[in-house]
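*Asks:* Please find one structure pasted underneath; my questions will follow.
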Amino acid sequence: QPPQTIAIDPSVRELFPPEVLAERLEDVPVSFETLPEDAAPGEYDALVTFEYRENLLAADPDWVHCVLAGVDTFPLGDLEARSVALTNSTGIHGDAVGETVLGYMLQFARRLHDHRDAEATREWEYPDWNVPFTLRGETVCVVGLGTLGRGVATRADAIGMDVVGVRRTPVPVEHVDELYAPDALDAAVSDARFVVLTVPLTERTRGLVGADELSAMSEDAYLVNVARGRVVDQDALVEELRAGGLAGAALDVTDPEPLPDDSPLWEMDEVVVTPHAAAATRDYVDRVAAIVRENCRRLEADEALANRVV
Ligand code: NAD
């Protein structure tokens, strides 16, 4: 059934103003309604939302679209039982997250964070002679080769890095020199200067990187997490960093979010924490609009939804 009314949940404000999304979708022959902040669920056939909330299904929508790629907060079984279709926004973050990850790696290699820190106290300080390095010739291991992983691999290859990847299907991926199966994660990370996590959070990836994987990484390696906080055992990470078993980490996602005030990660010089912003770009709203527009067309044409999860 093509929807007549699609509600836009105020939670999308985390990423863009709901009314801008409605504006971008003016060409679609469906009525878009931006819900007020504290509204009880009204009557609508479909909902666009940032997150799952308790009363989200009260209006009995046929279709829910999540403006994130990760739908780990949604009760997938419940949605399936109630025949609610769930679609996500995978496919749109490769450029933004790819560039952010390249930025983290460049920052550590070229010591940009040190210079910015020194600038705060007007210090003119040349780095120790043997600390800075170039990314060219270094190895990055990308764990999960979907939209994010490929976005990272393409850029790492372009700058002259050696790229290895972890993938469930042993089929070659462009810009990735060598593939490992998920059960060979220890071997995959052992030679890498950077390990970048780009998998969804699922039963199988929760705690994927724990004490064993961290100690398999080299002492001069950096962990980059742009997936979900719980993919990493955060306590084990803190311990490994304190013990000098790892050079540092860039964490766009943490467990929980926001990262609590008293987390030791805030204080570590070689840890860069960003507020789940790796995918932020002013084009975000247009990319979400394109998915919603395409799915409205598909429902009208009685075709299967794109990006369907449930
Ligand atoms: P995607 O579906 O395009 O890619 C995920 C890939 O991971 C797929 O290729 C899948 O086969 C692979 N995978 C799943 N389990 C695996 C395992 N155990 N080992 C190896 N590979 C495995 O999704 P995407 O758009 O690339 O996003 C991936 C995840 O990144 C999302 O689920 C979300 O949690 C997170 N994400 C974070 C941000 C951010 O702002 N930091 C932005 C977008 C996505």
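*Asks:* Taking the stretch 170-204, which residues are at pLDDT 95 or above, in a loop (DSSP other than H, G, I, E, B) and within 13 Å of the ligand (Cβ to nearest atom)?
*Replies:* V171, V173, V176, A181, T198, V199, P200, L201, T202, E203, R204
*Asks:* What number of residues in the stretch 234-258 are over 18 Å from V195 (Cβ atoms) and within 16 Å of the chain's Cα centre (by Cα)?
*Replies:* Counting residues in the stretch 234-258 that are over 18 Å from V195 (Cβ atoms) and within 16 Å of the chain's Cα centre (by Cα) gives 3.
*Asks:* Here is a further query. Just give me the residues in the stretch 287-306 being within 16 Å of the ligand (Cβ to nearest atom) and either of a type in the set (D, E, K, R) or buried (at least 18 other Cβ atoms within 10 Å of the Cβ) (or both), in sequence order.
*Replies:* Selection gives R287, V288, I291.
*Asks:* Among the candidates D212, D220, D162, which residue alone is away from the ligand (no atom under 11 Å from the Cβ), touching a helix residue (DSSP H, G or I) at 6+ places or on another chain (Cβ under 8 Å) and charged (D, E, K, R)?
*Replies:* Selected residue: D212, the only one of D212, D220, D162 that is away from the ligand (no atom under 11 Å from the Cβ), touching a helix residue (DSSP H, G or I) at 6+ places or on another chain (Cβ under 8 Å) and charged (D, E, K, R).
*Asks:* Then there's this: Answer with yes or no whether E14 is surrounded by 13 or more Cβ atoms within 10 Å (Cβ to Cβ) and among the acidic types (D, E).
*Replies:* no
*Asks:* Out of everything in the stretch 75-105 that is farther than 17 Å from H276 by Cβ and touching a strand residue (DSSP E or B) at 6+ places or on another chain (Cβ under 8 Å), what residue ends up being most open to solvent (accessible area, probe 1.4 Å)?
*Replies:* Here the answer is L76.
*Asks:* Considering only the stretch 22-71, state which residues are surrounded by fewer than 18 Cβ atoms within 10 Å (Cβ to Cβ) and of a type in the set (D, E, K, R).
*Replies:* Correct list: E23, E26, D27, E33, E37, D38, E43, E51, R53, E54, D60, D62.
*Asks:* Looking at the stretch 142-156, I want the residues that are near the ligand (Cβ under 6 Å from one of its atoms) and have a partner that is part of a helix (DSSP H, G or I) with Cβ atoms under 6 Å, at least 6 apart or on another chain. Which pairs are those?
*Replies:* T147/G94; L148/V97
*Asks:* Given the conditions (1) within 17 Å of S89 (Cβ to Cβ); (2) in contact with a Leu (Cβ under 7 Å, 6 or more places away or on another chain), report the number of the one that D252 does not fulfil.
*Replies:* Single failed check for D252: (2).
*Asks:* Any residue in the stretch 118-135 that is open to solvent by less than 80 Å² (accessible area, probe 1.4 Å) sitting within a Cβ distance under 8 Å of a residue that is modelled with pLDDT of 95 or more and among the aromatic types (F, W, Y)? List the pairs, counting only those 6 or more apart or interchain.
*Replies:* Going by the 8 Å Cβ cut-off, the qualifying pairs are A118/W124.
*Asks:* I'd like the full set of residues that are more than 15 Å from the ligand (Cβ to nearest atom) and part of a helix (DSSP H, G or I), limited to the stretch 263-284.
*Replies:* Listed by number, the residues that qualify are P264, L265, W266, E267.
*Asks:* Something else about it: Considering only the stretch 205-235, how many residues are open to solvent by 10 Å² or more (accessible area, probe 1.4 Å) and part of a helix (DSSP H, G or I)?
*Replies:* 8
*Asks:* From the list E43, E54, E37, which residue is at pLDDT below 95 and touching a helix residue (DSSP H, G or I) at 6+ places or on another chain (Cβ under 6 Å)? Walk me through it before giving the result.
*Replies:* Numbers: E43 fails: touching a helix residue (DSSP H, G or I) at 6+ places or on another chain (Cβ under 6 Å); E54 fails: touching a helix residue (DSSP H, G or I) at 6+ places or on another chain (Cβ under 6 Å).
Answer to the check: E37.
*Asks:* Condition check: of a type in the set (A, V, I, L, M), surrounded by fewer than 18 Cβ atoms within 10 Å (Cβ to Cβ), at pLDDT 95 or above and assigned to a loop (DSSP other than H, G, I, E, B). Does V238 satisfy that?
*Replies:* No; evaluated as a whole, the condition is false for this residue.
*Asks:* Could I ask something else about it? List pairs: first in the stretch 163-187 and open to solvent by 70 Å² or more (accessible area, probe 1.4 Å), second assigned to a strand (DSSP E or B), Cβ under 7 Å, 6+ apart or cross-chain?
*Replies:* P170/L179; P172/L179; D177/D162; D177/V163; D177/V164; E178/V164
The values are calculated or read from the model by the stated rules, or taken from the named source; none is laboratory data. Keep in mind that what you see is a predicted model, and the values were worked out from it rather than measured. Cβ coordinates were reconstructed from backbone atoms using ideal geometry, including for glycine residues, and neighbour counts include every protein chain displayed. For the accessible areas, the whole protein counts, side chains as well, though only heavy atoms, and no ligand, DNA or RNA atoms are used. Shrake-Rupley method; radii C 1.70, N 1.55, O 1.52, S 1.80 Å.
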